[in-house]
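> Have a look at the structure that comes next, please.
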Amino acid sequence: MRTGPKKRSGRRAGPIRTCLGCRRKLAHGASIRLVAGPDGAVLPDLTGRLPGRGARLCPDPACIRRALETGALRRALEANLRPPPWEELLETLRAAQERQARSILGAAGSGGFLVTGHDAVRRRLNGGGLALLLLAPDAGEALRREMLELCKLRTVPWRELTVGLALPSRAEHRPFAVGGILHRGLARSLATHLDNWKRLLSSPEDRGKRPAAAVDSTRSHRG
Ligand SMILES: [Zn+2]
């Protein structure tokens, strides 16, 4: 043997781009693409399918603010862009990110790729079929510990659901506290969108204003 085997990353790395706000390099999934609409409006393109020149940003309120206030977004997209105030763009992006996460979770459910409840999830974790574990924010400590231990053992990634996004519920019951995605592509996509959404929601730049979706009024309701 002359040399060891060639190093291959195994998965496609994708193009590396730069954030318009902080100028740091971005991995493809961990960024938000913006395009200019025909009327000069700024449109989020979370699926990467909208035509036209795109600009990329970290899903971070500070980067969104900087890209707008320095004029970098206007320069990157086009001269007749009508950029909104940064707070407005942030809300638009949060809402779009939420819709995207919700739709992936819905697609997993209707496609039969979502399992819910302790027993079903545990079975899939042990059987090797789980691509992503999902925990509700109010999952009990014992359940959380058990599930995370199993994830570690089986090297299954996990995410906590952002408040406002719930697993399905049985009739007359609260939503399930634990669930899992069986489809690898959906799992990867959901994890990315949950990460981006959480980052958009939880930045220190956020001055206490939270979108309606982040307020969960159902959990304390009794009866
Ligand atoms: Zn950035």
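> Only residues that are modelled with pLDDT of 95 or more and of a type in the set (A, V, I, L, M, F, W, C): list them for region 154-176, please.
156, 158
> Further question: Can you go through 69, 87 and tell me which one is surrounded by 13 or more Cβ atoms within 10 Å (Cβ to Cβ) and more than 24 Å from the chain's Cα centre (by Cα)?
On the way: 87 fails: more than 24 Å from the chain's Cα centre (by Cα).
Being surrounded by 13 or more Cβ atoms within 10 Å (Cβ to Cβ) and more than 24 Å from the chain's Cα centre (by Cα) holds for just one of 69, 87, which is 69.
> So is residue 64 in contact (Cβ under 8 Å) with a residue 60 or more places away in the chain, buried (at least 21 other Cβ atoms within 10 Å of the Cβ) and of a type outside the set (Phe, Trp, Tyr) or not? Let's see the steps before the verdict.
Details: in contact (Cβ under 8 Å) with a residue 60 or more places away in the chain: no; buried (at least 21 other Cβ atoms within 10 Å of the Cβ): yes; of a type outside the set (Phe, Trp, Tyr): yes.
For residue 64, the condition - in contact (Cβ under 8 Å) with a residue 60 or more places away in the chain, buried (at least 21 other Cβ atoms within 10 Å of the Cβ) and of a type outside the set (Phe, Trp, Tyr) - is not met.
> For region 72-98, which positions are of a type outside the set (Gly, Ala, Ser), touching a residue at least 12 places away in the same chain (Cβ under 8 Å) and in a helix (DSSP H, G or I)? Write out each step before concluding.
Step one: filter region 72-98 for residues of a type outside the set (Gly, Ala, Ser), giving 73-75, 77-78, 80-94, 97-98.
Then drop every residue that is not touching a residue at least 12 places away in the same chain (Cβ under 8 Å), which leaves 73, 77-78, 80-87, 89-94, 97-98.
Scanning region 72-98 gives 73, 77, 86, 87, 89, 90, 91, 92, 93, 94, 97, 98.
> Still on this model: Taking into account only those residues within region 58-71 that are over 13 Å from residue 42 (Cα atoms) and outside any loop (DSSP other than H, G, I, E, B), which is nearest to the ligand (Cβ to nearest atom)?
This residue is 63.
> Filter region 22-61 down to the residues that are among the β-branched types (Val, Ile, Thr) and surrounded by fewer than 21 Cβ atoms within 10 Å (Cβ to Cβ) and list them by number. I'd like the intermediate steps shown before the answer.
Step one: list which residues in region 22-61 are among the β-branched types (Val, Ile, Thr), which gives 32, 35, 42, 47.
Scanning region 22-61 gives 35, 47.
The values are calculated or read from the model by the stated rules, or taken from the named source; none is laboratory data. Since we're looking at a predicted model, the values are computed, not measured. Glycine also receives a Cβ, built like all others from the backbone with ideal geometry; neighbour counts cover every protein chain displayed.
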